[in-house]
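S.K.: Please see the structure below; I have some questions.
The values are calculated or read from the model by the stated rules, or taken from the named source; none is laboratory data. A quick note: this is a predicted structure, and the numbers were derived from the prediction, not measured. Reconstructed Cβ throughout: ideal geometry from the backbone, glycine too, with neighbour counts over all protein chains shown. All accessible areas refer to the heavy atoms of the entire protein, side chains included, with ligands and DNA or RNA removed. Shrake-Rupley method; radii C 1.70, N 1.55, O 1.52, S 1.80 Å.
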Amino acid sequence: VRAGSRWPHLEKETERYMPFPFFLAYACAVLEENGYFPRMVDAIAERLSPEAFYHKIEKSDPELIILEVSTPSFPTDLIMVKEIRERLGKGVKIGLCGPNHLMTNVDFLQGNPAVDYVLKGEYEFTLLELVQAIDKNQDLKHVAGLIYRDSQGVVNENDNRELHKSIDEIPWPSRHQLPMMTYYDETGSIV
């Protein structure tokens, strides 16, 4: 997790500011509600070193890794993507999501072969449809909100996904895998 509201100067041992990763927790809940068993890791809240984060990923033996990235952390995020690709090889698929406009066009995937997918905008149901399509070995051209590289290496951009009309379309955020006592983002609090 590298949520857009997390800044390096507020990630020190002495600081109490640590917002909950709502977007990933909602996406995880959507997957769980549909019979999947995702593994969610908040490396920032757990204060994992990059090596510990890589180890946790390797140990879980994933088929698909989705990393939430942001504009300020993007150079570091891309280094991590390349390291994950080197460690796990081409057998694992890697997708990026989150508030970063730099990755939301086909040129980005063409220049970054370690990344397989970009999930644009509100990605909870884009991720679900991507997982379902991979699970059923279906073509990805119908997954709204997705930029992807097909089996021939051609980068494709699907139509945007419509915005949620109601928060009630999404289950409560998944919390059971997260270090809940670590989060601190009280309104009006003094950090």
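S.K.: Any residue at all in the range 111-118 that is out of contact with any Lys or Arg (no Cβ under 6 Å at 6 or more places or on another chain), among the small types (Gly, Ala, Ser) and either at pLDDT below 95 or within 23 Å of LYS165 (Cα to Cα) (or both)? Please lay out each step first, then the result.
M.R.: From the range 111-118, those out of contact with any Lys or Arg (no Cβ under 6 Å at 6 or more places or on another chain) are 111-113, 115, 117-118; that's our starting set.
From what's left, among the small types (Gly, Ala, Ser): 111.
From what's left, either at pLDDT below 95 or within 23 Å of LYS165 (Cα to Cα) (or both): 111.
Looking through the range 111-118, at least one residue is out of contact with any Lys or Arg (no Cβ under 6 Å at 6 or more places or on another chain), among the small types (Gly, Ala, Ser) and either at pLDDT below 95 or within 23 Å of LYS165 (Cα to Cα) (or both).
S.K.: To continue, here is another question. Among the residues of the range 38-55, write down those that are open to solvent by 30 Å² or more (accessible area, probe 1.4 Å) and either among the charged types (D, E, K, R) or over 28 Å from GLN132 (Cβ atoms) (or both).
M.R.: ARG39, GLU46, ARG47, LEU48, SER49, PRO50, GLU51, ALA52, HIS55
S.K.: Only residues that are modelled with pLDDT under 90 and either in contact with a Gly (Cβ under 7 Å, 6 or more places away or on another chain) or farther than 19 Å from TYR17 by Cβ (or both): list them for the range 163-191, please.
M.R.: LEU163, HIS164, LYS165, SER166, ILE167, ASP168, GLU169, ILE170
S.K.: Which pairs do you get when a residue that is among the aliphatic types (A, V, I, L, M), found in the range 145-158, comes within reach of a residue that is open to solvent by 40 Å² or more (accessible area, probe 1.4 Å) and at pLDDT below 95, reach meaning Cβ atoms under 6 angstrom, with the pair 6+ apart or on two chains?
M.R.: Hits for this filter: VAL155/VAL106; VAL155/GLN110; VAL155/ARG149.
S.K.: Within the range 132-170, count every residue that is assigned to a loop (DSSP other than H, G, I, E, B), surrounded by fewer than 16 Cβ atoms within 10 Å (Cβ to Cβ) and not β-branched (Val, Ile, Thr).
M.R.: Qualifying residue count, the range 132-170: 16.
S.K.: Quickly run through the range 44-68 and pick out the residues that are under 25 Å from TYR148 (Cβ atoms) and either at pLDDT below 90 or of a type in the set (Gly, Ala, Ser) (or both). Steps first, answer last, please.
M.R.: To start, the set of residues in the range 44-68 that are under 25 Å from TYR148 (Cβ atoms) comprises 53-54, 57-58, 60-68.
SER60 - this is the single residue of the range 44-68 that is under 25 Å from TYR148 (Cβ atoms) and either at pLDDT below 90 or of a type in the set (Gly, Ala, Ser) (or both).
S.K.: Within the range 56-88, restricting attention to residues that are touching a helix residue (DSSP H, G or I) at 6+ places or on another chain (Cβ under 8 Å) and of a type in the set (Asp, Glu), which residue is least open to solvent (accessible area, probe 1.4 Å)?
M.R.: Checking each candidate, the answer is GLU68.
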